[in-house]
1. With a probe of 1.4 Å, find how much accessible area region 188-238 has per residue, and write the answer as a whole number in Å².
2. If you take the square roots of the eigenvalues of the alpha-carbon gyration tensor of region 17-72 and sort them as a ≥ b ≥ c, do you get rounded (a/c under 1.5), prolate (a/b over b/c) or oblate?
3. Summing +1 for each Lys or Arg and -1 for each Asp or Glu, what net charge is found among the other residues whose Cβ lies under 12 Å from the Cβ of V223?
4. Quick one: accessible surface of H161, probe radius 1.4 Å, all protein chains present, in square angstrom to the nearest 10.
5. With a Cα-only, solvent-free Debye model of region 212-253, what are the log10 I(q)/I(0) values at q = 0.20 Å⁻¹?
6. What is region 68-118 by shape, rounded, prolate or oblate, if you read a ≥ b ≥ c off the alpha carbon gyration tensor as root eigenvalues and call it rounded for a/c under 1.5, prolate for a/b larger than b/c, and oblate otherwise?
7. Hey, can you rank 368-380, 200-212, 73-85, 107-119 by average C-beta count inside 10 Å, highest first?
8. In region 17-72, what percent of the accessible surface is made up of carbon and sulfur (1.4 Å probe, ligands and nucleic acids excluded)?
Amino acid sequence: AVSPFLAPPILTTESTTPSIIHIKRDQLLAKPLSASAEPLTTRFGSFPVSSLLNIPYGSQEESKGFVYILAPTPELWTTSLPHRTQVVYTPDSSYVLSRLRVRPGQTIIEAGAGSGSFTHAAVRAIYGGPEGKGKVLSFEFHAQRAERLREELKDHGLSQHVKLIEGDVCEDGFTFNPSLDKPHTTKPTDPDSVYPDPHAIFLDLPSPHLAIPNIRESTKHAVHLCCFSPCVEQVTKTHTALHAGRWQSVETVELSHRRLEVYYTPKDTVSGDCGSFNEALDKLKVLARGRRERIEKGRWASGQEVDDTEIDQMVEDKKAKSRAKQEGPQQRRPKPTLNDLKLGPKTGEFIPVISRYEPELKTHTSYLTFATLPIKWDEEEEKECKEKVEREK
Ligand code: SAM
């Protein structure tokens with residue numbers, strides 16, 4: 001089977017392939033495309049869907065020339081999805097999935113499903129494996145949200161990889177009835193309900209500590225857990241719940257994504273230092289003074305009164321300016337060009353400083369608590385093992 005996230009090179013007129021339409025850098029539209037779909041209306045005009053079909057992902061729509069058609073990756077879906085709740089952004093979901101050691105063919109539980117951002121990233125992580133067995137079991141107790149996500153997953157061709165269950169994991173745990181198709185509620189008392197024996201669990205809900213006691217040990221593998229909590233009070237309760245069980249390797253981390261941008265700054269010809277805080281402050285003062293001078297000049301010209309001390313200050317400023325002029329250009333800092341700042345010095349007159357961090361990366365900071373539930377310990381089995389070792393000695 002072809003992964004729904006591996007872009008087929010050509011979109012066919014028959015398919016209803018989910019696609020991401022790139023309108024502007026910060027405006028992406030997720031849309032299933034088929035020959036019968038409605039024309040796409042944007043603020044740049046209307047596009048017939050036929051002009052978006054049969055072109056490779058990554059290419060530009062030709063009739064108007066600035067709309068791109070992109071493959072429906074979880075990253076692009078996260079940036080374009082309709083928000084019904086807070087969502088998990090890519091920096092967090094990628095870190096969480098790697099720490100949960102999710103691999104193709106595994107079963108992962110998530111609760112709550114919310115807007116389905118994490119769901120899409122999780123599907124890609126479990127996709128494939130022996131007999132394409134990987135599965136995401138997604139619990140959501142809000143009926144409309146569950147139904148809406150079910151429709152989106154169908155549109156995106158992911159229904160067979162995600163089982164959406166309308167249920168309260170704090171009240172009723174993680175059991176479900178596998179024979180029911182639509183989101184449905186099952187109680188643990190339902191004779192057809194089963195516990196899915198997951199490899200990993202991701203909890204993004206307000207009371208993870210109430211859901212943790214409902215997680216069962218596995219006789220086949222360890223269970224890896226992550227709780228995504230916006231406040232430290234939740235973290236404390238989560239730790240208490242984990243320590244009451246057999247959880248191990250309990251750890252809470254907070255991700256902080258900052259891409260530092262290195263710029264160059266003019267070197268001080270006297271001290272050799274780069275610009276200091278005081279120097280920046282001086283610059284601000286000079287700017288403020290210049291502004292005031294312009295205002296004063298205006299008032300003078302229009303015959304308004306000006307305070308004596310203000311005039312003294314202006315005279316002082318003028319003197320300072322002409323002194324600086326006399327000191328000559330070599331005493332002043334060279335004026336950096338944009339290339340100097342971005343690409344670095346050609347003259348040795350600039351030195352690098354780390355001055356800014358990327359402000360635009362979308363992420364929603366939360367505390368991430370990880371823990372592992374080891375394989376179920378069996379006293380009988382251990383006794384047998386010990387006896388076997390003794391016999392073989
Ligand atoms: N992880 C989701 C995403 O990336 O789009 C966002 C999850 S949202 C912050 C939390 C969701 O948990 C809400 O939709 C809420 O209805 C659901 N929820 C809260 N408590 C729940 C519970 N006990 N059982 C199931 N779902 C629950």
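The values are calculated or read from the model by the stated rules, or taken from the named source; none is laboratory data. All values reported here derive from a predicted model rather than from experimental measurement. Because the Cβ atoms are built from the backbone with ideal geometry, glycine has one as well, and the counts that use them run over all protein chains shown. The protein model used for the area step is the full one, side chains on, heavy atoms only, and it has no ligands, DNA or RNA in it. Shrake-Rupley method; radii C 1.70, N 1.55, O 1.52, S 1.80 Å.
1. Ligands and nucleic acids excluded, the figure is 45 Å² per residue.
2. Judged from the Cα gyration tensor, region 17-72 comes out rounded (a/c under 1.5).
3. With Lys, Arg at +1 and Asp, Glu at -1, the neighbours total +3.
4. In the full protein context, H161 sits at about 20 Å².
5. Calculated log10 I(q)/I(0) at the listed q: -0.65.
6. Numbers: a/c = 1.97, a/b = 1.35, b/c = 1.46.
Here region 68-118 falls in the oblate category.
7. Descending mean neighbour count gives 107-119, 200-212, 73-85, 368-380.
8. The computed percentage sits at 52.
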